[in-house]
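The values are calculated or read from the model by the stated rules, or taken from the named source; none is laboratory data. Everything quoted here is computed from the prediction, not taken from an experiment. Positions of Cβ are backbone-derived with ideal geometry, glycine not excepted, and every protein chain shown enters the neighbour counts.
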Amino acid sequence: MDTHKWMMRYERLALWAKEAWQQRNGEAPYQLLWASENCGNQVVHTRIKPRRRLKGKAYYTGVEQLLCDEVISISEYVMPSRKPILGETVGAFAFSFSHSEGDFEVLFVSSYFRDDDPNIVAVALVPPEHLDAWADFEQLCNDTVRRPSRRTDVYIIGGTNAYFKPTVEWNEVILPPEIKDDLRSDMEAFFADGVSIYKELNLAPFRKLLLVGPPGTGKTMLCAAMARLALRKKRVVVYVSGADDDGASFHKIHHALNVVANAGYPVLLIVEEIDVYLRKDDKARILNVLDGLESPNNPRGALLLATTNYPEVIDERIAKRPGRMDRIIVIPPIQNEELALEMLRHYMGPQWQPEHEEVVPQLVGQTGAFVREIALHARMLAAHNRKRTVDLETLQQSVSSLTSQINTGDDLMPRRKMGFGSLRGNGFEAVETRTLPAADSAGDD
Ligand SMILES: Nc1ncnc2c1ncn2[C@@H]1O[C@H](COP(=O)(O)OP(=O)(O)O)[C@@H](O)[C@H]1O
Ligand SMILES: [Mg+2]
C-alpha cells in the first residue's frame, strides 16, 4: 500500500518538494536538480546577505526555513543553558530572489542519505528561466562554506557562536504585537534620540531593558530578532553567554562592558539569564552596573537587553529599586486563541489542516516552545505511522502526552515550580516607567 518505503531518499525529497512547490507556486514550471548540500548550511544563511547580486540580473532576497516531514529539522535556536545542537546542514528552505521580470523562489531540501550514513542528498526546484541565477547562488554557497570564518556578526563572550544566531526574522516571533512594537520602538527611539538626551543630562547613554517570562515564551528568540534588526542598522551586537566552562561569572560582564565602551558604534548588549549573575557573589558588581556606577560609557549609546525566567529574583533586587532597569517587559505565555492559532499554524507548517484548530483552546496558557514541541511530535508520530498527513487524533495525542509530561513535573519545562502566576499585579507594571530620559515618546520607527 505504501510505496513510500521503497522510494530512494532522493525521490522522497523530490516528491515533497514538488508538493510544496505546488502549494506555494501553483502551476509555475520548475526544473528538478541535484543541488549542493551547502545551500542548506546555516553558515551560508547568515553570511550571504540579502540584496546580494547574482548572474541573470537577479538578487538574492532571503531564505525561509520550511517544515518538511522527510527531514527532522532541529531548531536552530539553542537555549544557552542547555546542550547545544550543532551541525545543522540539512533541512528544507525556500530561497527567494528578486528579478525585474518578477520575483521567484527556489525550493531546496536536503537530508542525510540514511541515518547511519553521513552523506547528504539535496534537491532543488528551480524556475527554468533562472537556472543561471541559481547556479551562481550555489557557487556562492559553496565558496561561503569553504571560506574560514573571519569575523562574526555578533561578538560572543562565553560559549561559541553556535549559542546565539541573529537569524530570527521579526515576524517569526509570535507575540502580542504591542509587546513587539514596544520593544522595537524603545530601541529605535533610544538610538535615534535617547542617546543625546542622556548626554544632555550628563548620564552615560546606557539604557536597560529586561524581558521577564517563563521559559519557552520566546525571549531568546526575541533577542535574536532584535540582534538582527540592530545588525541591519550597523550596530554592534555583543552577546554574553553563561554557557561555557566558566559559567556565569562577572568577568564576562566586565569584558563585555569593555567591548561596549570601546566599540565606536552604537551597541546592543544582550545578557541572557541575568538572574544567574544576581545570585552569586558578584551580584553587588552587577547591581553597580545597573545603578550606573560601573556602566559603560559609549558615546554612541548602548542598550542592554537582559532576560530572565525568574521574576522573584528580579522582584527583590530590581523591581523594588526603580532605575536599575528602565523597563521591565513581561513576555507572557500564549494569551488568547488568536495567538495560539497563529503559533500552531506556524509550527504545523505545510502539515496544517483546518481540523487542527480544535486543539487551539488547549494551547492558551502554554508557551511557544510547547506548541513547537507538540507540532514536531505529532509530525513525527504521523511519519512513524507512515501517514502523509497529521490527523486531529495524532495532534491531540501529542498535546495530551506533552501536557501530562509537564504535569507530572518532568523537568522538560519546570515552569510550574516558579510561581510565575504571581507576576501579574505584583508591581511589575508599576515599575515600567522611570523619570530619567525615557525615550519612549519619540515615536515608532
Ligand atoms: N513567541 C514565540 N513565537 C514563535 N516561536 C516561539 C515563541 N516562543 C517560543 N518559541 C519556540 O520555542 C523555542 C524556545 O523559545 P526561547 O526563545 O528559547 O524561549 P525563552 O528564551 O523565553 O526560554 C524557540 O526557538 C521557538 O522555536
Ligand atoms: Mg532563553
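Details
- Output for the stretch 278-313, where each listed residue is assigned to a helix (DSSP H, G or I) and either modelled with pLDDT of 80 or more or hydrophobic (A, V, I, L, M, F, W, C) (or both): Leu278, Ala284, Arg285, Ile286, Leu287, Asn288, Val289, Leu290, Asp291, Val313
- Considering only residues in the stretch 201-224 that are touching a Pro at 6+ places or on another chain (Cβ under 8 Å) and of a type in the set (A, V, I, L, M, F, W, C), the one that is farthest from ligand 2 (Cβ to nearest atom) turns out to be Leu201.
- When Val126, Val106, Val90, Val71 are checked against the criterion of being under 25 Å from the mean Cα position of the chain (by Cα) and modelled with pLDDT of 90 or more, Val106 stands alone in meeting it.
- If you go through the stretch 173-196 and keep only what is aliphatic (A, V, I, L, M), in contact with an Asp or Glu (Cβ under 8 Å, 6 or more places away or on another chain) and within 16 Å of ligand 1 (Cβ to nearest atom), you end up with just Ile174.
- Among the residues of the stretch 228-241, the one identified as away from ligand 1 (no atom under 13 Å from the Cβ) and in contact with a Ser or Thr (Cβ under 9 Å, 6 or more places away or on another chain) is Arg228.
- Checking every residue in the stretch 163-186 against the condition of being of a type in the set (Asp, Glu), surrounded by 19 or more Cβ atoms within 10 Å (Cβ to Cβ) and under 17 Å from Leu268 (Cβ atoms) gives at least one match.
- Residue check for Gly242: closer than 15 Å to Ile329 by Cα, within 16 Å of ligand 2 (Cβ to nearest atom) and in contact with a helix residue (DSSP H, G or I) (Cβ under 7 Å, 6 or more places away or on another chain): no
- Pick from the stretch 248-267, criterion more than 16 Å from ligand 2 (Cβ to nearest atom) and not in a helix (DSSP H, G or I), ranking: nearest to the chain's Cα centre (by Cα): Val267
- Pairs where the first residue, in the stretch 262-282, is closer than 18 Å to Ala230 by Cβ and the second is within 16 Å of ligand 1 (Cβ to nearest atom) and of a type in the set (Phe, Trp, Tyr), C-beta under 7 Å, 6+ apart: Ile270/Tyr239
- Search result, residues across the stretch 48-71 that are closer than 15 Å to Cys141 by Cβ, in contact with a helix residue (DSSP H, G or I) (Cβ under 8 Å, 6 or more places away or on another chain) and not in a strand (DSSP E or B): Ile48, Lys55
- Residue within the stretch 258-267 that is out of contact with any His (no Cβ under 8 Å at 6 or more places or on another chain), buried (at least 17 other Cβ atoms within 10 Å of the Cβ) and at pLDDT 90 or above present: yes
- Here Leu203 meets the list (1) outside any helix (DSSP H, G or I); (2) within 16 Å of ligand 1 (Cβ to nearest atom); (3) more than 24 Å from Phe164 (Cα to Cα) almost entirely, failing just condition (2).
- Which numbered condition Ala225 fails, given (1) over 20 Å from Asp275 (Cβ atoms); (2) surrounded by fewer than 24 Cβ atoms within 10 Å (Cβ to Cβ); (3) away from ligand 1 (no atom under 13 Å from the Cβ): (3)
- Lone qualifier among Arg317, Arg235 - being surrounded by fewer than 20 Cβ atoms within 10 Å (Cβ to Cβ), more than 16 Å from ligand 2 (Cβ to nearest atom) and outside the structural domain of Glu373 (by TED's automatic domain parsing): Arg317
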